[in-house]
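Below: the structure, in structure tokens.
The values are calculated or read from the model by the stated rules, or taken from the named source; none is laboratory data. Just so it is clear, the model here is predicted, and its values are computed rather than measured. Ideal geometry is used to build each Cβ from the backbone, glycine not excepted, and the neighbour counts take in all protein chains shown. Areas reflect the complete protein model, heavy atoms only, side chains present, ligands, DNA and RNA absent. Shrake-Rupley method; radii C 1.70, N 1.55, O 1.52, S 1.80 Å.
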Amino acid sequence: MPTIKTEDGIEIYYKDWGKGQPIVFSHGWPLSADDWDAQMLFFLNHGYRVIAHDRRGHGRSTQVSNGHDMDHYADDLAALAAHLDLKNAIHVGHSTGGGEVAHYLGRHGESRVAKAVLISAVPPLMVKTAANPGGLPKEVFDGLQAQLAANRSQFYRDLPEGPFYGFNRPGVKASEAIIANWWRQGMMGGAKGQYDCVSEFIREGYTEDLKKISVPVLAMNGDGDQVVPYATSGPRAVKLVQNGTLKTCAGFPHGMPTTHADTINNDLLTFIQS
């Protein structure tokens with residue numbers, strides 16, 4: 001398997017397909033590069049070079065006991081970009097991956113980057129604070145960790161069966177194949193890394209990262225998202241970056257790159273080619 005080794009000795013697994021302008025995909029929690037299959041194949045067939053990695057502690061990357069924080073995630077992404085000598089890259093992040101993309105740009109700069117896309121992404125802030133009253137109470141995130149620790153396998157069935165893909169909505173038909181694939185990806189990773197990663201959902205540093213970003217940014221959010229509150233994510237993120245555009249997808253769930261891949265892919269293509 002293709003991997004790079006980071007400065008602290010972690011092996012990061014990645015996929016690198018095709019030639020052309022690179023598009024780099026950063027996945028959501030607790031998944032893996034496999035969650036981008038629909039996007040990887042679509043853009044490969046449109047003449048792009050597509051790259052996706054498994055975050056440390058997730059998928060096929062090292063299940064280390066520490067370093068599961070956004071600084072390390074951003075540094076790992078920077079190490080991958082340097083290893084592949086990427087130039088003029090488009091970075092696309094979903095959910096936690098959106099935080100990774102924002103922090104990578106804020107921490108490592110834009111010299112290798114042309115544009116960025118934040119899909120159902122956690123920045124600028126998910127947790128409820130005095131300055132962010134529309135966020136989720138910290139107890140929600142404590143509950144995620146408690147359920148993971150108690151019965152990770154069951155929890156990783158319940159989440160995709162319910163709010164992640166909106167399968168708990170009236171009239172929405174659940175897909176067992178999508179649910180099983182989510183469970184498969186989650187169980188591939190390590191419990192410790194996935195447990196620690198939840199704490200990165202609520203970090204408050206994304207605002208400063210976003211303010212540093214000058215490349216064009218597209219924020220794509222479904223207003224049917226039951227995981228990342230719509231009002232506290234994309235609509236706020238585009239006001240913090242220097243060149244931001246918001247795309248609101250009416251009724252789409254958190255996992256819309258999977259459930260509505262055709263729409264998401266074509267919107268991404270339009271942004272990339274603009």
- line: Placing one equal point scatterer on each C-alpha of the range 10-91 and summing with Debye, one gets log10 I(q)/I(0) at q = 0.12, 0.19, 0.27 Å⁻¹ equal to -0.32, -0.78, -1.38
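Determine the gain in length on full extension of the stretch Thr270-Asp71; use 0.36 nm per residue of separation and subtract their C-alpha separation, reporting nm with one decimal. Mind showing how you got there, number by number?
Numbers: separation 199, 0.36 × 199 = 71.64 nm, distance 3.11 nm.
Gain in length upon complete extension: 68.5 nm.
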field: Cα centroid separation, the range 174-203 to the range 39-70 (Å)
entry: 14 Å
query: Under the classification rounded if a/c is under 1.5, otherwise prolate if a/b is larger than b/c and oblate if not, where does the chain fall, given a ≥ b ≥ c as square roots of the Cα gyration tensor eigenvalues?
result: rounded
query: Longest span of the chain, sites excluded, free of trypsin sites (Lys or Arg not before Pro) in DSSP loop with at most 13 other C-beta atoms within 10 Å?
result: 174-274
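How much FRET efficiency would the formula 1/(1 + (r/R0)^6) give for Ser214 and Lys192, where r is the Cβ-Cβ distance and R0 is 35 Å, rounded to 0.05?
Working: r = 36 Å, r/R0 = 1.04.
Between Ser214 and Lys192 the formula returns 0.45.
Can you compute the FRET efficiency between Leu44 and Ala82 using 1/(1 + (r/R0)^6), with r the Cβ-Cβ distance and R0 = 30 Å? Round to the nearest 0.05.
Working: r = 23 Å, r/R0 = 0.76.
The formula returns an efficiency of 0.85 here.
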- prompt: Does the range 93-172 come out rounded, prolate or oblate by the C-alpha gyration tensor, with a ≥ b ≥ c the root eigenvalues, rounded set by a/c under 1.5 and, if not, prolate when a/b is larger than b/c and oblate if not?
  reply: prolate
message: Given the -39500 (n - 2.57) contribution per DSSP H run of 4+ residues, what per-residue ellipticity at 222 nm results for the chain, rounded to the nearest 500 deg cm²/dmol?
response: -12000 deg cm²/dmol
- prompt: For the range 103-108, what does the Karplus curve 6.51 cos²θ - 1.76 cosθ + 1.60, with θ = phi - 60°, yield as ³J(HN,Hα) per residue in whole Hz, taken in order and with x for Gly and Pro?
  reply: 6, 4, 5, x, 8, 10
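In the chain, carbon and sulfur make up what percent of the accessible area (probe 1.4 Å)? Write out the running numbers ahead of the final one.
Working: 5450 of 10690 Å².
Here it works out to 51 percent.
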query: Counting Lys and Arg as +1 and Asp and Glu as -1, what is the net charge of the other residues whose Cβ lies under 14 Å from the Cβ of Gln147?
result: -2
- request: Can you tell me the relative contact order of the range 44-182? Whole percent, Cα pairs under 8 Å, sequence separation 6 or more.
  value: 14 percent
field: Mean separation of Cα contacts under 8 Å (6+ apart) over length of the chain, as relative contact order %
entry: 21 percent
- request: Using the Cα centre as the reference, give the magnitude of the dipole from point charges on the C-beta atoms of the range 1-122 (Lys, Arg: +1; Asp, Glu: -1; all else neutral), rounded to the nearest 20 debye.
  value: 400 debye
Dipole magnitude of the chain about its Cα centre (Cβ charges: Lys, Arg +1; Asp, Glu -1), debye to nearest 20: 400 debye
message: Please state the shape class of the range 56-210: rounded when a/c is under 1.5, otherwise prolate if a/b exceeds b/c and oblate if not, all from the C-alpha gyration tensor.
response: prolate
field: Entries in Lys115/Lys211; Lys5/Lys212; Lys5/Lys115; Lys128/Lys247; Lys212/Lys239; Lys138/Lys212 that, when Cα-Cα distance is taken, lie over 18 Å
entry: Lys5/Lys212; Lys5/Lys115; Lys128/Lys247; Lys138/Lys212
task: Taking the dipole about the Cα centre of the chain, with the C-beta of Lys and Arg at +1 and of Asp and Glu at -1, give me whichever of Leu84, Gln273, Ser65 is farthest to the positive side.
output: Gln273
- request: Report ³J(HN,Hα) in whole Hz for each residue of the range 57-66, in order, from the Karplus equation J = 6.51 cos²θ - 1.76 cosθ + 1.60 where θ = phi - 60°; Gly and Pro get x.
  value: x, 10, x, 9, 7, 4, 8, 6, 8, 9
- request: With only Lys, Arg, Asp and Glu charged, each at its Cβ (+1 for the first two, -1 for the last two), find how big the charge dipole of the range 197-274 is about the Cα centre; round to the nearest 20 debye.
  value: 240 debye
